[in-house]
Structures are given as C-alpha cells and as structure tokens.
1. What about LEU283, is it touching a strand residue (DSSP E or B) at 6+ places or on another chain (Cβ under 9 Å), open to solvent by 30 Å² or more (accessible area, probe 1.4 Å) and hydrophobic (A, V, I, L, M, F, W, C)?
2. Tally time: how many residues in segment 272-293 are touching a residue at least 24 places away in the same chain (Cβ under 8 Å) and either within 15 Å of ALA193 (Cβ to Cβ) or in a helix (DSSP H, G or I) (or both)?
3. Working only within segment 132-149, note down all residues that are of a type in the set (Gly, Ala, Ser) and open to solvent by 40 Å² or more (accessible area, probe 1.4 Å).
4. Within segment 163-201, take every residue that is in a helix (DSSP H, G or I) and in contact with a Ser or Thr (Cβ under 8 Å, 6 or more places away or on another chain) and give me the one that is surrounded by the fewest Cβ atoms within 10 Å (Cβ to Cβ).
5. Say whether the condition of being outside any strand (DSSP E or B) and β-branched (Val, Ile, Thr) is met by at least one residue in segment 148-160.
6. Taking LEU16 as the residue in question, decide whether it is under 27 Å from the mean Cα position of the chain (by Cα), modelled with pLDDT under 85, within 30 Å of ILE280 (Cβ to Cβ) and surrounded by 14 or more Cβ atoms within 10 Å (Cβ to Cβ).
7. How many residues, within segment 243-268, are under 19 Å from GLY192 (Cα atoms) and either open to solvent by 20 Å² or more (accessible area, probe 1.4 Å) or among the aromatic types (Phe, Trp, Tyr) (or both)?
8. So the check is Cβ under 7 Å with 6+ separation or different chains; which pairs have a first residue in segment 251-266 that's touching a residue at least 60 places away in the same chain (Cβ under 8 Å) and a second one that's open to solvent by 50 Å² or more (accessible area, probe 1.4 Å)?
Amino acid sequence: MAADMRLPIIRTPVSLLDSAFERKDLVVPGDVITSDTGFMRGHGTYVDEDKLTASVAGEVQRVDKLICVRPLKTRFNGEVGDVVVGRITEVQQKRWKVETNSRLDSVLLLSSVNLPGGELRRRSAEDELTMREYLQEGDLISAEVQSVYSDGALSLHTRSLKYGKLGQGVLLQLSPSLIKRQKTHFHNLPCGASIILGNNGFVWLYPTPEIQEEEAGGFYTSLEPVGLADREVISRLRNCLLALAAHKVLLFDTSVLYCYESSVQHQVKDILKPEVMEEIVMLTQQKLLEQEG
C-alpha cells in the first residue's frame, strides 16, 4: 500500500493587498447593513430596530434603493438569458426534463430546440416519436434560460447553434455563486481547451474543435479519440478549477487562465495537494490584483 508523505517546505512569500480581504460587501446573519431608512428591504434581509439586517451569509447587492443579500451557498436561481449546462433526466410528451442544479427540474420543450440540419418548420407527431434520437436520458446539453415559470422552474432553449448536445469532455459541479456573470460564457482558451462556465455552477471542459459543425443543428457530437496532450490540458484545467473553487475565487476566463499558467511548474496530480493548491491560488490572486491595479 503506497503512502504519500509530505515534509514542510519553504514557501515563497506572496504579497496581497490588505484591501482584498477587507470586503465590506460580505455579511453574516445579524450584521447591520445600513441604518438609513431610505432603502427598501430585499431578499435575505429584515428590519430590526429600524436597521436593515442580514438574515443570510452572503454578498450585499444594491440596485438603486433596493438592498438584498445574495447567499454564498445556494441552489441556482435562474434568470432569463443565463447560460446553463444540464443533464437530461426524463423524456416526456413534447418536452425533456433537465437537471440544472436548481430547486426544480428545468424544462426543454420540443419546440425550443433546433431540428437536425437547422430545418425551420412546425414540430409534427413524427418529431415527437423520434425525440430520443435527438436527446435521451443522461445526455449533457448547453442551453439558455428562455423564461421562468411561476413555480420557479426554468424553461430552456437551444435555438442558437452554439447550444445543443455536448460531446466528449469533463463536467464539474461547483457552486453557482462562484461563476462570474459575463457577456459570454463560452471560451476557447489559448492552452488548447475550451470551457463553458454555466451560470448554474456546472462547468464543461472539452478539447477545442478544429472545425465548427453548423449543419447538424447542435446535435452532432464527435466521438473521435481525444489525444493524450488534450487530456492532460483538460485534467490540469479541472484541477485548477477545483483549487480556485476550494479557495472561493470567482471563476471567469481570466482567473482560470492565470491559475493554469501558475500551475505549469507542477505535475497535474500534485495540483490538489493542499500546499501546492494554496501556492497556485495565491499567485493567481496576485496576478488578478495586478491586473485590476
């Protein structure tokens, strides 16, 4: 039986600005957010002795006069336009049920997907009978939130050619609060892999395709063997994402790329060792602060 023994090491001192840790927008239950009576009470807050107080641990968000607290650890609360990665759990009449890390299963209607070949026409009974040829239980998809039902369930669509069925890659399930909202959540990284940062906390890593298939309407998935070099890049990215998530660093293309660059001097299997993980994340945070400064 092999045992992994690690001795103390001399760490390189990394200087981070104190302001990075003095976050005024993070609160715990019972913290007074403001005593000004001009603000409106939003989710995650209550009024105690004319003071607006946090009822959950999270980040304070202000929109004009409305103050709410976004919990740091919660299920995914989708909004229209959010990019999600999900798994088909059930095929029903004219719809698929999709697991998207929210409180209820999301719904993908047959009328909300592209037909193979990008054909534009009304969906017929024949299409309903062949639904499992498009998507079946266990398939992974990328989609966009089209609307939110009154009970909180999400309605998805994959009408754009960038959405659809996912092929070969690695899925990570992280906290939705760690995903930074951006204009685009599809990134082709210069290291040779691509990433989909789903707003629901599901992250998909896959080798960057050489040819973009647009004729299949989002249902084509390559089953060609993935080369060793691509697999190593994807494995390194996976471990980097887990390291960033363990230290509660926001995930977006720049932070992922900086973490990947900081980890190159280590072997892939060593990245998740506590001391290596801490060193890589500290270097990543320093690069992010230098970029902002």
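The values are calculated or read from the model by the stated rules, or taken from the named source; none is laboratory data. Fair warning: this is a prediction, and the values are worked out from it, not measured in the lab. Here Cβ is always computed from backbone atoms with ideal geometry, including for glycine, and neighbour counts include all displayed protein chains. In case anyone asks, the SASA skips ligands and DNA or RNA and just uses the protein heavy atoms, side chains included. Shrake-Rupley method; radii C 1.70, N 1.55, O 1.52, S 1.80 Å.
1. Details: touching a strand residue (DSSP E or B) at 6+ places or on another chain (Cβ under 9 Å): no; open to solvent by 30 Å² or more (accessible area, probe 1.4 Å): yes; hydrophobic (A, V, I, L, M, F, W, C): yes.
Considered against the rule, which asks whether it is touching a strand residue (DSSP E or B) at 6+ places or on another chain (Cβ under 9 Å), open to solvent by 30 Å² or more (accessible area, probe 1.4 Å) and hydrophobic (A, V, I, L, M, F, W, C), LEU283 comes out as no.
2. Selection size over segment 272-293: 15.
3. From segment 132-149, those of a type in the set (Gly, Ala, Ser) are 138, 142-143, 147; that's our starting set.
Selection gives SER147 alone.
4. Filtering segment 163-201 down to residues in a helix (DSSP H, G or I) leaves 176-178.
Among the residues that remain, those that are also in contact with a Ser or Thr (Cβ under 8 Å, 6 or more places away or on another chain) are: 176-177.
On the way: PRO176: 22, SER177: 17.
The residue in question is SER177.
5. The answer is no, given that none of the residues of segment 148-160 is outside any strand (DSSP E or B) and β-branched (Val, Ile, Thr).
6. On the way: under 27 Å from the mean Cα position of the chain (by Cα): yes; modelled with pLDDT under 85: yes; within 30 Å of ILE280 (Cβ to Cβ): yes; surrounded by 14 or more Cβ atoms within 10 Å (Cβ to Cβ): no.
No, not satisfied.
7. Residues of segment 243-268 that are under 19 Å from GLY192 (Cα atoms), as a first pass: 251-268.
Subset that is either open to solvent by 20 Å² or more (accessible area, probe 1.4 Å) or among the aromatic types (Phe, Trp, Tyr) (or both): 252-254, 257-258, 260-261, 264-268.
Number satisfying all stated conditions: 12.
8. LEU251/LYS180; PHE252/LYS180; PHE252/GLN182
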